[in-house]
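Coordinate-derived values only; no laboratory data. On a predicted model such as this, the values are computed, not experimentally measured, just so you know. Neighbour counts run over all protein chains shown; Cβ positions are idealised from the backbone, glycine included.
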Amino acid sequence: MNLLVIGTGAIGSFYGALLAKTGHSVAVVARSDYEAVKARGIHIRSETLGDTTFRPAAVVRSAAELDGRPDGVLLCVKVVEGADRVGLLRDAVGPGTSIVLISNGIDIEPEIAAAFPDNELVSGLAFIGVTRTAPGEIWHQAYGRLMLGNYPGGASERVKALAASFELAGINGVATENITTARWQKCVWNAAFNPLSVLSGGLDTRDILSTQEGFVRAIMQEIRAVAAANGHPLPEDIVDKNIASTYKMPPYKTSMLVDFEAGQPMETEAILGNAVRAGQRAGVAIPHLESVYALMKLRELRTVKSR
Ligand SMILES: NC(=O)C1=CN([C@@H]2O[C@H](COP(=O)(O)OP(=O)(O)OC[C@H]3O[C@@H](n4cnc5c(N)ncnc54)[C@H](OP(=O)(O)O)[C@@H]3O)[C@@H](O)[C@H]2O)C=CC1
Ligand SMILES: CC(C)(CO)C(=O)C(=O)O
């Protein structure tokens, strides 16, 4: 397939490189690291897959510079205020283009579905630890599973083909019929650890869990209740399983904490705000989530005022 990746950060570079490895033609839209990527490609240091250099089929600053429209465009930007996702896609999407969103959060699809009602929309969840350490330099620390499904439900042949490509490239590529439920499932972890890592002033998952397990569990249970009230019942043992697997993980610094420390906008609305609003609309009692969300908004305000 002819593919375009928008955003040469950690996620876009890593998954774009895997697609290129399996024979797809992969072009990229780069912003701050355009010069580096154009000159040297993207170097990926992976703890599990070895080192590789990804040389994109084309490196552009905007999709408008490309001839023709791709079969698929992977939008790999953070879902934050000021990220004009529809604008970024506008010049990339033609009549037959599938749009693939790879990002954290809840309800991140409706805006894109409304703007491109005639295009296939694929929603993706990455279970990975990967970071851009310098322009054109990616460090893949651990994991890698990518879950893909059509929004709001289903798994088309194209979704299955993409998942199979990722599997071929050495990671776990999963095509799911129910990506919306999967988003809620992932949010159980993100809604607890991402904000607490920031609000604690920079603690990793191990420190948070070993000192505040009850608080973490309360947040996770509230996400489970909100998901159920929105038609996505999650397994009864989902909280226990998340707690157990996090104890087994090496201490981890969340992506939200990385953004906070870099003074970058955080995905507070995508991960927390949208879940809080879904809970409030459904009349679910979510005192822990509402408090953590309010504290994150104050934290964000403090960052904005100190700029
Ligand atoms: N990294 C990880 O391990 C994980 C990330 N995720 C999720 O994946 C998503 C992507 O995260 P990640 O890759 O880590 O983020 P990064 O910050 O590493 O990358 C984001 C990329 O988007 C680019 N971008 C933003 N706006 C524009 C624009 N207007 N034009 C062109 N490029 C733009 C940035 O460009 P620029 O260089 O100019 O800033 C950057 O290259 C997020 O939703 C995150 O939560 C989920 C699980 C794990
Ligand atoms: C769950 C995790 C660590 C990636 O799998 C993540 O989503 C994050 O750091 O935001």
| note | Given the candidates ASN190, LEU125, ALA155, the one whose Cα lies deepest towards the positive end of the charge dipole of the chain, counting +1 at each Lys or Arg C-beta and -1 at each Asp or Glu C-beta, is ASN190
| Dipole of the range 2-177, positive end: most advanced residue of HIS43, LEU4, ALA57 [Cβ charges, Cα centre] | HIS43
| query | So if we plug the beta-carbon distance of ARG55 and ARG90 into 1/(1 + (r/R0)^6) with R0 = 25 Å, what FRET efficiency do we get, rounded to 0.05? | reply | 0.40
| note | Per the rule of 0.36 nm per residue minus the C-alpha distance, extending ALA262 to GLU290 adds in nm 7.5 nm
| field | Degrees separating the helix 238-248 axis from the principal Cα axis of the chain, which is the longest one | value | 70
| Could you give the alpha-carbon Rg of the chain over 2.2 N^0.38 Å, rounded to two decimals? | 0.97
| query | What FRET efficiency would be calculated for the residue pair LYS160, LEU298, taking the C-beta separation as r and a Förster radius of 45 Å, to the nearest 0.05? | reply | 0.50
| request: Compute the FRET efficiency between PHE116 and ASP207 as 1/(1 + (r/R0)^6), taking r as their Cβ-Cβ distance and R0 = 41 Å, and round to the nearest 0.05. | output: 0.45
| Which value, in debye to the nearest 20, describes the size of the charge dipole of the chain about its Cα centre when Lys and Arg Cβ atoms bear +1, Asp and Glu Cβ atoms bear -1, and nothing else is charged? | 440
| message | From Cα pairs below 8 angstrom and at least 6 apart in sequence, can you work out the relative contact order of the chain, rounded to a whole percent? | response | 15
| Name the residues of the range 211-253 whose amide N is less than 14 Å from a point 7 angstrom out from the Cα of ALA142 along the C-beta direction? | 243-253
| Stokes-Einstein D in µm²/s, Kirkwood radius over Cα pairs - the range 181-305 at 4 °C with 1.567 mPa s viscosity | 89
| query | Can you give the helix-only mean residue ellipticity at 222 nm for the chain, where every DSSP H stretch with n ≥ 4 adds -39500 (n - 2.57) and the sum goes over all residues, rounded to the nearest 500 deg cm²/dmol? | reply | -13500 deg cm²/dmol
| remark: In order over the range 105-115: 3J(HN,Hα) from phi, Karplus 6.51/-1.76/1.60, θ = phi - 60°, whole Hz, x for each Gly or Pro, gives x, 10, 6, 8, 8, x, 4, 6, 4, 5, 6
| request: Treat every Asp and Glu Cβ in the range 69-126 as -1 and every Lys and Arg Cβ as +1, leave all other atoms uncharged, and give the resulting dipole magnitude about the Cα centre to the nearest 20 debye. | output: 160
| Where the centroid of each part is defined by its Cα atoms, how far is the range 13-31 from the range 86-106 in Å? | 15
| request: Answer with one residue from GLN141, VAL216, GLY201: the one whose Cα lies farthest towards the positive end of the charge dipole of the chain, charges on Cβ with Lys, Arg +1 and Asp, Glu -1. | output: GLY201
| query | Under a point-charge model restricted to the Cβ atoms of Lys and Arg (+1) and Asp and Glu (-1), what is the dipole moment magnitude of the range 2-177 relative to its Cα centre, in debye to the nearest 20? | reply | 480
| task | First select every other residue whose beta carbon is under 11 angstrom from the beta carbon of VAL28; then total the charges, Lys and Arg +1, Asp and Glu -1. | result | +3
